[in-house]
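The values are calculated or read from the model by the stated rules, or taken from the named source; none is laboratory data. A quick note: this is a predicted structure, and the numbers were derived from the prediction, not measured. Virtual Cβ from ideal backbone geometry, glycine too; neighbours counted across all protein chains shown. For accessibility, only protein heavy atoms count, side chains too; no ligands or nucleic acids. Shrake-Rupley method; radii C 1.70, N 1.55, O 1.52, S 1.80 Å.
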Amino acid sequence: MVIAIDGPAASGKGTLAKRLAAHYGLPHLDTGLLYRAVALTMLDAGFPLEDEAAAARAAEALIADRLADPRLRERAMGEAASRISAVPAVRAALLAWQQRFAGNSQGAVLDGRDIGTVVCPEARVKLFITAAPEERARRRHRELEGRGETTTFDAILADILARDARDASRATAPLKAAADAVMLDTTELDADEAFEAARLVVERARPH
Ligand code: CDP
Ligand code: CDP
């Protein structure tokens, strides 16, 4: 059983994906980490983010160890990831990685922007998670402050809006709900309520 979860920045995809994976005993891949890791590799090596050939090489050489780096969660890395994620050769390299992960025999939960549309178009369950931008900015602000990063709500809201616009307008695999995705607006839902709503969607799709 593959569960595909997509949605804009800080909508709660990762939290939900982790909980569904634990509940159903499936492996989970936060695909945003792959793009963040490519961006971090570029920054560490001193390449400008506009260097598309270097970004493609970094994506092709990406190793799993890099995904544990705590710097991946920093605010600047989301922004940098969004820039390199528009490069088609980067997406092509990471697509193979993600499909290998999803293809393991028991199934998997993946969250990102293009899981239901491009990475796993045959997924049994597709969820598209949304929330009002102000609520998403509040959540991300709380999260980053909790991790000791000093930011302002306004700066994060601006980041989120710019990133959503860039992710939704790129030519290759833009942020978009699959035609057969179930939409879940979590503006008024806490993580428990979002999990319960998603669990009901999965139960309906499971073979009996
Ligand atoms: O993966 P994505 O960027 O979509 O979001 P996330 O990392 O799962 O969630 C961002 C923050 O919002 C986390 O700190 C979650 O604990 C919190 N959250 C929330 O307050 N209410 C929800 N319904 C879901 C997530
Ligand atoms: O957690 P948050 O939603 O803020 O970001 P993320 O999921 O870690 O993704 C960071 C950036 O990577 C996004 O803004 C996208 O540009 C890109 N990304 C993508 O293009 N495709 C994916 N499947 C996942 C992330």
What the 10 Å binned alpha carbon P(r) of the chain shows, as percent of pairs per bin from 0, is 9, 36, 38, 16, 1, 0
J(HN,Hα) series, region 139-144, from Karplus relation 6.51 cos²θ - 1.76 cosθ + 1.60, nearest Hz, glycine and proline x
5, 5, 4, 4, 5, 5
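Rounded to the nearest 20 debye, what is the charge dipole size of region 68-208 about its Cα centre when +1 sits on each Lys and Arg Cβ and -1 on each Asp and Glu Cβ? Show your work: numbers first, answer last.
Working: 22 positive and 23 negative charges, 127 e Å.
Around 600 debye, computed over region 68-208.
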Considering amide H positions built from the backbone, and no H for Pro or chain starts, which residues 5 or more places from Val2, or on another chain, come under 5 Å of its amide H?
Ala108, Arg124, Val125
Karplus (6.51, -1.76, 1.60) ³J(HN,Hα), θ = phi - 60°, over region 9-16, in Hz, Gly and Pro reported as x:
4, 6, 7, x, 4, x, 4, 5
Under unit Cβ charges (Lys, Arg +1; Asp, Glu -1), what dipole magnitude, rounded to 20 debye, does region 163-207 have relative to its Cα centre?
440
Heavy atoms of the protein only, probe of 1.4 Å, neighbouring chains included. What is the accessible area of Thr152 in Å², nearest 10?
80
Under 5 Å between amide H atoms, partner at least 5 residues away or on a different chain: which partners does Leu29 have, H built in plane at 1.01 Å?
Val109, Leu110, Asp111
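Tell me the carbon and sulfur percent of the accessible area for region 116-205, rounded to whole percent, probe radius 1.4 Å.
Details: 2530 of 4730 Å².
Solvent-exposed carbon and sulfur of region 116-205 make up 53 percent of the total.
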Apply the Karplus curve 6.51 cos²θ - 1.76 cosθ + 1.60, θ = phi - 60°, to the phi angles in region 41-51 and return the couplings in whole Hz, x for Gly and Pro.
4, 4, 5, 4, 7, x, 7, x, 5, 6, 6
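Please work out how much length the chain gains when fully extended from Ala53 to Glu149, using 0.36 nm per residue of separation minus the C-alpha to C-alpha distance, in nm with one decimal. Mind showing how you got there, number by number?
On the way: separation 96, 0.36 × 96 = 34.56 nm, distance 3.14 nm.
Using 0.36 nm per residue and subtracting the Cα-Cα distance, I get 31.4 nm.
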Give me the accessible area per residue for the chain, probe 1.4 Å, as a whole number in Å².
47
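Roughly how big is region 102-148's charge dipole about its Cα centre, with Cβ charges of +1 (Lys, Arg) and -1 (Asp, Glu), in debye to the nearest 20?
Values: 9 positive and 7 negative charges, 26 e Å.
So the dipole magnitude of region 102-148 works out to roughly 120 debye.
Per residue of the chain, what 222 nm ellipticity follows from adding -39500 (n - 2.57) for every DSSP H run with n ≥ 4, rounded to the nearest 500? Show your work: numbers first, answer last.
Numbers: 8 runs with 106 residues, N = 208.
Theoretical 222 nm ellipticity from helices: -16000 deg cm²/dmol.
Taking all protein chains together and a probe of 1.4 Å, list Phe101, Phe47 from the most accessible to the least accessible. Numbers along the way, then the final one.
Numbers: Phe101 55, Phe47 80 Å².
The ordering from most to least exposed comes out as Phe47, Phe101.
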Amide H to amide H, which residues 5 or more places from Thr130 or on other chains are under 5 Å from it, using H placed in the peptide plane?
Leu184, Asp185, Thr186
Of the residues Ala54, Ala137, Ala102, the Cα lying farthest along the dipole of region 2-205 towards its positive end, which is defined by charges on the beta carbon of Lys, Arg, Asp and Glu, belongs to Ala102
Subtracting the Cα-Cα distance from 0.36 nm times the residue separation, let me have the gained length for Ser169 to Asn104 in nm, one decimal.
20.3 nm
